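Notes to accompany the following structure.
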Amino acid sequence: MLTKAGIPRVLPLAALCVLLVASTVSHAQPANAVEIQIKADQVASHVSPLLYGLMTEEINYSYDGGLYAELVRNRNFKEDAKDAVHWQLVQEHGGTGLMSLDTSQPFNEAIPASLKLTVTQASGDQRVGVANDGFWGIPARPNTSYHASFYAKAGTGFAGPLTVAIVSNDGTTAHASAQVAHVTQDWKKYEVTLTTGKAGPSADTRLVISAGTAGTVWFNMVSLFPPTFNNRPTGNRKDIMQLLADMKPAFLRFPGGNYLEGNTVGTRFDWKKTIGDISQRPGHMDDAWRYWSSDGMGLLEFLEWCEDLHMQPVLGVYAGYSLRNGARFTSFPELQPFVKEALDEIEYVTGDASTTWGAQRAKDGHPAPFPLEYVEIGNEDNADRQVGSYETRFAQFFDAIKAKYPQLKLIATTEVTTRAADVIDEHYYRRSEEEMEFHANDYDTRRRTGQRVFVGEWATRVGDPTPTLGAALGDAAWMTGMERNSDLIVMASYAPLFVNVNKGGMQWVTDLIGYDTLTSYGSPSYYAQKMFSLYHGDDVVPMTASGVPTKEWQPPAGRGGFVPPPQQAAAGRGGAPQAPPTQGPPPQGQPPQGGAGRGGRGPAGPQQPPMPIQVPLMFFDATRDSKTGTIYVKVVNRAATPQSVHITLSGVTAVEPSGQAVTMSGSGPTDTNSITDPVRIVPVTTKVDGLSANFTRTFPPYSISVLEVKAK
Ligand code: AHR
């Protein structure tokens, strides 16, 4: 059982023992203790209130088959022009019929084909129908009401009735069923409520619409929604939204990622095709990730998702560049339609009902404008190898957006020189725990130029489908660096956020949150982020660390291997701690490079194995709540042994002896959570006694801890 913070009330015995050992605070100072000195009355910098947020795109069945709660797959038959994929003909007790895709009865301009069912024989208990197998089944939960809807058009001589049911795949259990009594010969929408009984939960199910009389009927836009988060009629899956809500994210970067760009301009996230009545949305091929997107998660749904979780939208706009075939538009006349598209999009988000697109949003059901502070121009435009392309494109967006919306802050996705981007988005995917840890201090020496940084995608990519505890340790080490430097780093978001763990659901390995048809879970990295997001102050306090043990690490060679951090002028920041110098010069033959690991498209790694490197075994940072005085000390111990840390707080007049520790640990770096073992590695909260301005605490092996010390 979990507390609200996702922390088990009943701890596994092993975890309890580890924590009891670790929760002993002493005043004696072991000889090998790491020394931490915290200047609690000083402020090195401020923690950005937007630091911890989310990044999302349609990848790994993030929306369709994921967060977007629609249960019918290929609901408007656009996934395949020739074949009604995910639909099957049902013929029971000797009933017979035919099922085909048919364009003779167009549904609307966006959706040309319908599903034609011809019942050739049905009488008595015989039934003939169409079935949808959903996204790896239809989740039939006990005592639950589902909203089913579809459009139908009857052929001459057929009037129904039709039965709508959630049925087990072997046909033996109808979890819920309802009837539509009469079907007309014009396209019309029909809606029923399907309420399940005690059976289930089960995903070995499908949705069946069937008839018991002969005749022809066409179907389109067949939809089934379970109860959704905040009861939005075509909203989001409750369990996944709750996992996100528990992280208290400050922003949502959307709609991508490569999904924003598409492989071609025609498969970009074309926002105007994603708004309004879902039965009019054409959907599009998500060719960046190779599956069909219904666009049920459209622009307004992204914004409502932000609203539901009290997040700021960080809006990515298509910047005239797609991923394949050199699809880019740089000249003024070529790019203007896309600049206009972005301006219209911003108006849709922020305009009042007197504006064209604000009025459209109101018509779509949301009269109130949304707040918007940041707009990102494109995604990973360092991949556009045409010299000057992004510079030219960015300038045109910048000039037009700043002219109309001077208050907006614009994010560049790679370096630009002719315009002063407010923020630059940097992406870091690291291939090992050690590589991420090696980079944990990179920002300590980054020159402060006034331009802030959005670490818009980052992850320690260890773990399939979701990160291991080792990855979470790498992530936590990296987060200490980001938090400590959050005067520079305004926002950060892990990527990718989601993965459907069913076979065929994953396109990108190592994703924060996993789910299948019925359940979901947070990875150890999810919990590490939650710990960082929930427990921090608003001021970074100066901290120094000495005696931090290190361990040798041999970086791998070759493409995708180790890339050294940029060499930058030290900024002389009082707040930068910490571990002893760990970083030698860049490996032999390697020039210093920036933007390492961006989206896996970074420069090739060295061909010869680089020199071994010493990487710290511990990472720290400290923040303070300026209102309450609470000091949050974050400690990452990636070592296989417990580590004693002697902590001295200066500049405090009193320290409450009791505090709390939130600790996540495990027996080894490969420990992980999974769909069948969802809470193996989770943070545990314990009371800590014996705190003072000078104490020693032992941190368990493979652990991430936040120590809360109340001081005046
Ligand atoms: O997060 C997966 C992909 O990585 C994103 O779509 C892209 O921006 C990056 O290359």
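Against the condition within 30 Å of G505 (Cα to Cα), surrounded by 20 or more Cβ atoms within 10 Å (Cβ to Cβ), among the acidic types (D, E) and touching a residue at least 60 places away in the same chain (Cβ under 8 Å), how does D308 come out, does it pass?
no
Which of the residues belonging to segment 105-149 are in a strand (DSSP E or B), over 37 Å from the mean Cα position of the chain (by Cα) and of a type outside the set (S, T, Y)?
Just the residues of segment 105-149 that are in a strand (DSSP E or B), to begin with: 108, 111, 114-121, 127-132, 134, 137, 140, 145-149.
Retained after the next criterion (residues that are over 37 Å from the mean Cα position of the chain (by Cα)): 116-121, 127-129.
K116, L117, V119, Q121, R127, V128, G129 - these are the residues of segment 105-149 that are in a strand (DSSP E or B), over 37 Å from the mean Cα position of the chain (by Cα) and of a type outside the set (S, T, Y).
Please indicate, with yes or no, whether at least one residue in segment 207-227 is within 16 Å of the ligand (Cβ to nearest atom), crowded, with 23+ Cβ neighbours inside 10 Å and either without any contact (Cβ under 8 Å) to a residue 12 or more places away in the chain or more than 17 Å from E301 (Cα to Cα) (or both).
no
Determine, yes or no, whether D425 is buried (at least 24 other Cβ atoms within 10 Å of the Cβ), over 22 Å from K530 (Cβ atoms) and within 16 Å of the ligand (Cβ to nearest atom).
Yes; evaluated as a whole, the condition is true for this residue.
Given the conditions (1) among the β-branched types (V, I, T); (2) free of Cβ contacts under 8 Å to residues at least 60 places away in the same chain; (3) touching a Ser or Thr at 6+ places or on another chain (Cβ under 8 Å), and given that V265 satisfies all but one, which numbered condition is not satisfied?
Only one criterion in (1) among the β-branched types (V, I, T); (2) free of Cβ contacts under 8 Å to residues at least 60 places away in the same chain; (3) touching a Ser or Thr at 6+ places or on another chain (Cβ under 8 Å) is unmet by V265, namely (2).
Name the residue that is surrounded by the fewest Cβ atoms within 10 Å (Cβ to Cβ), counting only residues in segment 504-518 that are aliphatic (A, V, I, L, M) and within 11 Å of the ligand (Cβ to nearest atom).
Across segment 504-518, the extreme among qualifying residues is V509.
Which ones in segment 364-385 are among the hydrophobic types (A, V, I, L, M, F, W, C), within 15 Å of the ligand (Cβ to nearest atom) and more than 14 Å from V423 (Cα to Cα)?
A383
May I ask you to list the residues in segment 188-246 that are under 17 Å from S279 (Cβ atoms) and hydroxyl-bearing (S, T, Y)?
Within segment 188-246, Y190, S223, T234 meet the criteria.
For segment 311-327, how many residues are crowded, with 23+ Cβ neighbours inside 10 Å and over 21 Å from D246 (Cβ atoms)?
Residues flagged as crowded, with 23+ Cβ neighbours inside 10 Å and over 21 Å from D246 (Cβ atoms) within segment 311-327 amount to 8.
Can you tell me which residues in segment 247-274 are buried (at least 22 other Cβ atoms within 10 Å of the Cβ) and away from the ligand (no atom under 15 Å from the Cβ)?
M247, P249, F251, W271, T274 - these are the residues of segment 247-274 that are buried (at least 22 other Cβ atoms within 10 Å of the Cβ) and away from the ligand (no atom under 15 Å from the Cβ).
Could you please find all residues in segment 386-422 being within 16 Å of the ligand (Cβ to nearest atom) and within 26 Å of D475 (Cβ to Cβ)?
Correct list: I411, A412, T413, T414.
Scan segment 379-423 residue by residue and report those that are of a type in the set (D, E, K, R) and at positive phi.
E380
Give the residue that is farthest from the ligand (Cβ to nearest atom), with candidates limited to residues of segment 451-475 that are of a type in the set (S, T, N, Q) and in contact (Cβ under 8 Å) with a residue 40 or more places away in the chain. Lay out the reasoning, then the answer.
Here is the first cut: in segment 451-475, the ones of a type in the set (S, T, N, Q) are 451, 460, 466, 468.
Going one step further and asking which of them are in contact (Cβ under 8 Å) with a residue 40 or more places away in the chain, we end up with 460, 466, 468.
Details: T460: 13, T466: 14, T468: 18 Å.
This residue is T468.
Among all residue pairs at least 6 apart or on different chains, which show Cβ distances below 6 Å where the first residue, located in segment 437-450, is surrounded by fewer than 24 Cβ atoms within 10 Å (Cβ to Cβ) and the second is part of a loop (DSSP other than H, G, I, E, B) and of a type in the set (S, T, N, Q)?
Listed by first residue and then by second, the contacts come to T445/Q568; R446/Q568; R447/Q568.
How many of the residues making up segment 231-259 are of a type in the set (D, E, K, R) and part of a helix (DSSP H, G or I)? Can you show your working first?
First, pick out the residues of segment 231-259 that are of a type in the set (D, E, K, R): 232, 237-239, 246, 248, 253.
From what's left, part of a helix (DSSP H, G or I): 238-239, 246.
Result for segment 231-259: 3.
Every number here is computed from the coordinates shown, using simple stated rules; none is lab data. Everything numeric here is computed off the predicted structure, so don't read it as measured data. Here Cβ is always computed from backbone atoms with ideal geometry, including for glycine, and neighbour counts include all displayed protein chains.
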